[in-house]
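Okay, so here's the structure we're looking at.
The values are calculated or read from the model by the stated rules, or taken from the named source; none is laboratory data. Computed from a predicted structure; not experimentally measured. Cβ placement follows ideal geometry from the backbone for every residue including glycine, while neighbour counts extend to all protein chains displayed. Only protein heavy atoms, including side chains, enter the accessible area calculation; ligands, DNA and RNA are left aside. Shrake-Rupley method; radii C 1.70, N 1.55, O 1.52, S 1.80 Å.
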Number of protein chains: 4
Amino acid sequence: MGPPVRTLQPLPVERGNILLSERRTAYSARVTTGTGSLREAQKALTRSRIIDAARVVFEQQGYAGASIGLITTEAAINRATFYLHFPDKAAVFREVVALDRMHTDEYWRELNTALMAGTREAMSRWILRLTHWARDNASLMPSKHEAMASDPEFAKEFQPRYDRLSEEIAQFLLTVPADDRPDMKVRVQMLVVMLDQMFFHALVQGVWTGGEDQLLRVATDVCCKALDIE
Amino acid sequence: MGPPVRTLQPLPVERGNILLSERRTAYSARVTTGTGSLREAQKALTRSRIIDAARVVFEQQGYAGASIGLITTEAAINRATFYLHFPDKAAVFREVVALDRMHTDEYWRELNTALMAGTREAMSRWILRLTHWARDNASLMPSKHEAMASDPEFAKEFQPRYDRLSEEIAQFLLTVPADDRPDMKVRVQMLVVMLDQMFFHALVQGVWTGGEDQLLRVATDVCCKALDIE
Amino acid sequence: MGPPVRTLQPLPVERGNILLSERRTAYSARVTTGTGSLREAQKALTRSRIIDAARVVFEQQGYAGASIGLITTEAAINRATFYLHFPDKAAVFREVVALDRMHTDEYWRELNTALMAGTREAMSRWILRLTHWARDNASLMPSKHEAMASDPEFAKEFQPRYDRLSEEIAQFLLTVPADDRPDMKVRVQMLVVMLDQMFFHALVQGVWTGGEDQLLRVATDVCCKALDIE
Amino acid sequence: MGPPVRTLQPLPVERGNILLSERRTAYSARVTTGTGSLREAQKALTRSRIIDAARVVFEQQGYAGASIGLITTEAAINRATFYLHFPDKAAVFREVVALDRMHTDEYWRELNTALMAGTREAMSRWILRLTHWARDNASLMPSKHEAMASDPEFAKEFQPRYDRLSEEIAQFLLTVPADDRPDMKVRVQMLVVMLDQMFFHALVQGVWTGGEDQLLRVATDVCCKALDIE
DNA sequence: AATGAATGAGGATTCATTCAT
DNA sequence: TATGAATGAATCCTCATTCAT
């Protein structure tokens, strides 16, 4: 009878969530290591503190709502110190998002694998993986959407993901008849957009009524049918 | 050889588009007429001026970028007057969006018809219709996304659209075996989310590379396959 | 034995002088009267309060040292109110100086009369008059010099005084042989520059050692000789 | 028919002039050489680099506009290094000006000679010399005026020049009847102030309309007449 | 002696909002 | 009802200055 239907927890990202700070530290800390001299290490430490704090603030307050004052307070540093490391809010935000994106790419790449496999099973596994990813990144998404909507720069910067995606699945596309490739590319893009958005609605904004099982089942089915899998 | 491939014009909504003002005026004017006494009529007039001005400003400046000062300047009224009609920015925004939503519902309702028809042709026609709608509403979308992302209230308020949508297609759902209904509902929701988002990317943010024909063709195909049409 | 030698009091303008506030109020108040409606009157009142306060601050702190915060504190109004009346510090300063300039012109005009008279007596009287004027305006001079030195705009705006001066004495120039006029014009300009600067040194910066009598006597003598008077 | 009338080039000192850097380097270098140990030499080198850079910045940005950051950037040294050599902006400015003053004194001393000669010719030559000096120092003058106007300390420090001047011409004063000496001293001071200021207007601020010839001719005439020369 | 990093303090603006008219 | 004027609260940003290295 399958696993119990666990309603998708809409993730308590509603501006106040502080759950992920631990992992976040890991994120940016990872970047700092191996720099060399002591001074550089210290600078990198401060920098990563800012990034971590920024992430917390962006998650809690959204993009527009985040002020540099809040970030520096959260990072427990002087406001002026911020400007030593970043020119403005947008710059830190880019950094914060970049850390996420590293993982993003990783997951997208797996899509290629799943498509190559060409089985419902593989698709299902990938979509499940996607939910995990969405859950991890959910808290920052509102800010990302907000930034993209309010600042054309960000829109240009973050959106290309979908374009690059089509390159990620280049391998898979080669398995498709040459004539069908352009359409297939668009088809995959659409589905990715769909899943992306769907998980955003489901996880971040909590506006999905059904259970997680149903969501996964239907999503898999839609994708497979659209891609003529099985 | 089919119609010529016209690349989707990414719609010059890039903060400055003023194309729709005419229609907009019609929108809010429609609401004000026939209220009753003279005083009320005047008040309603001012109110609709604010709404129209607000729309212009939201389109040009985005949600966060729109200040009450800009709105009242655009409306050529005093800043204080604004507060006689609306408590804050969010309130006007709700009104502005509401005017769009009237139409929104209208279009969604047609989805039910298309689904009932159950033909690729009907689906294709509806999707085409959707692109028109998207084109009309494109300019306000960034603000809407921004507002939703930054203000949880808006998220709750605007998202339910997808829930209500499932009610709109209730009629269609009755034609589906009772056991399949829950999944079918989710399936349609997903596709709507997909189309919605797709047109946002394609029209508003102009990040779609293919032509309009391709977009429509693939979208129709994905939807039909996912819904077992044909 | 002549009048007693009274050493020129270098005027306690050394950032802290508050002596002239009374007169100042008179200055700007004069401007406000006769506006008409009550609202306008109130606005004008605030405006003149800002100007008066600005003058005090400029006198005490110099141009660079004067901040908008200091001005609004002195005026006992909100900082934002300032921006309702002036775009920036430079704008108020212009206004403050303008009030002085009204008088300035008046005094320069008398130079023409003195020159026309062509007697040592008339020159002496005018120079004496000039010292009074200098004394009255001494406190603002440092700021003026500072503003002129630091902001080319001000230099352009305030300096032309010397050019306009040559127009003020046009009448006198007509009494001079046509051939000598250009040189005579320059000659007068030089002397005015000299007196101007001299009184600035003597009164404002207090770096003159001699007594007031001596100063007047020598100045008169230099001027008369240079102009072939007597 | 005299030399051709060359309009006084108002000297492109308008914050951006960089003409004099060569000479300037010479200035401060002269001071640093011959100090002794290697360390001291290095220190002196840095010190002179700061002074040179400061001069450039003061010329370009004015006194208030010059920040320590700008100076150290121009000198290509660390901001903190500045504080090893000077306590603050005022201190470097003093040095910068002092370098000028060495020359200043030199020129003033020649005034004594000219006065002793007591001929129109000698006066004329000295005044011409003065214009050269003014031209050389023009670029720094705005800052000097600004500093004097904003900081009473500077006023006290730079002004005394006029007092010391009277000592420079002590020799000449001895040739004057004892009774007339006090007045003569003041008379010369006045004329020097006049010339000083005149060249400032003419060269630095470019507000003089006439040609250089006229300026020199009239200035010479005024001085000679005022001093009963010829 | 020189530097990189960090800080504290202060100044300019802008905005939403409230009064008295 | 509509307005002009005023306000309080934030925010951004820059600068002079110090400290550990």
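Collect the residues in region B:167-195 that are surrounded by fewer than 18 Cβ atoms within 10 Å (Cβ to Cβ) and facing chain A (nearest Cβ under 9 Å), keeping them in residue-number order.
B:P182, B:D183
Can you list the helices (runs of 4 or more DSSP H) lying wholly within region A:52-157 that have 2 or more residues being of a type outside the set (S, T, N, Q) and within 16 Å of DNA strand E (Cβ to nearest atom)?
The helices (runs of 4 or more DSSP H) meeting that bar are A:68-75, A:79-85, A:89-117.
Right, C:P160: modelled with pLDDT under 90 and in the same structural domain as C:A114 (by TED's automatic domain parsing) or not?
yes
Going by what's in this entry, would A:V96 be described as closer than 30 Å to A:E168 by Cβ, within 11 Å of DNA strand F (Cβ to nearest atom) and away from every other protein chain (no Cβ under 14 Å)?
Against the criterion (closer than 30 Å to A:E168 by Cβ, within 11 Å of DNA strand F (Cβ to nearest atom) and away from every other protein chain (no Cβ under 14 Å)), A:V96 does not qualify.
Can you pull out every residue in region A:145-156 that is at pLDDT 80 or above and out of contact with any helix residue (DSSP H, G or I) (no Cβ under 6 Å at 6 or more places or on another chain)?
Residues satisfying the conditions are A:D151, A:E153.
Tell me, which residue of region A:57-67 that is near DNA strand F (Cβ under 9 Å from one of its atoms) and open to solvent by 30 Å² or more (accessible area, probe 1.4 Å) is nearest to A:P87 (Cα to Cα)?
Ranking the qualifying residues of region A:57-67, first place goes to A:S67.
Across region C:128-156, which residue is nearest to the other protein chains (Cβ to nearest Cβ) among those that are more than 13 Å from the chain's Cα centre (by Cα) and among the hydrophobic types (A, V, I, L, M, F, W, C)?
C:A149
Just wondering, is there one or more residues in region C:84-92 that are away from DNA strand F (no atom under 16 Å from the Cβ), acidic (D, E), modelled with pLDDT of 85 or more and open to solvent by 20 Å² or more (accessible area, probe 1.4 Å)?
No, the conditions are met nowhere in region C:84-92.
Counting just the residues of region B:99-121 that are in contact (Cβ under 8 Å) with a residue 60 or more places away in the chain and under 18 Å from the mean Cα position of the chain (by Cα), which one comes out nearest to B:A54 (Cα to Cα)?
So the residue we want is B:L99.
Suppose we keep only residues that are of a type in the set (D, E) and within 8 Å of chain D (Cβ to nearest Cβ) within region C:213-228. Which one would you say is surrounded by the most Cβ atoms within 10 Å (Cβ to Cβ)?
By that ranking, first place goes to C:D221.
Restricting attention to region D:132-144, does a residue exist that is open to solvent by less than 10 Å² (accessible area, probe 1.4 Å) and within 16 Å of DNA strand F (Cβ to nearest atom)?
yes
Checking C:S124 against (1) open to solvent by 40 Å² or more (accessible area, probe 1.4 Å); (2) touching a residue at least 40 places away in the same chain (Cβ under 8 Å); (3) farther than 30 Å from C:C224 by Cβ, which single condition isn't satisfied?
Of everything listed in (1) open to solvent by 40 Å² or more (accessible area, probe 1.4 Å); (2) touching a residue at least 40 places away in the same chain (Cβ under 8 Å); (3) farther than 30 Å from C:C224 by Cβ, C:S124 misses just condition (3).
When both residues are 6+ apart or on different chains and their Cβ atoms are under 6 Å apart, which pairs have a first residue that lies in region C:68-88 and is in the same structural domain as C:Q42 (by TED's automatic domain parsing), and a second that is among the small types (G, A, S) and more than 7 Å from DNA strand E (Cβ to nearest atom)?
C:I71/C:A53; C:I71/C:A54; C:E74/C:A53; C:A75/C:A53
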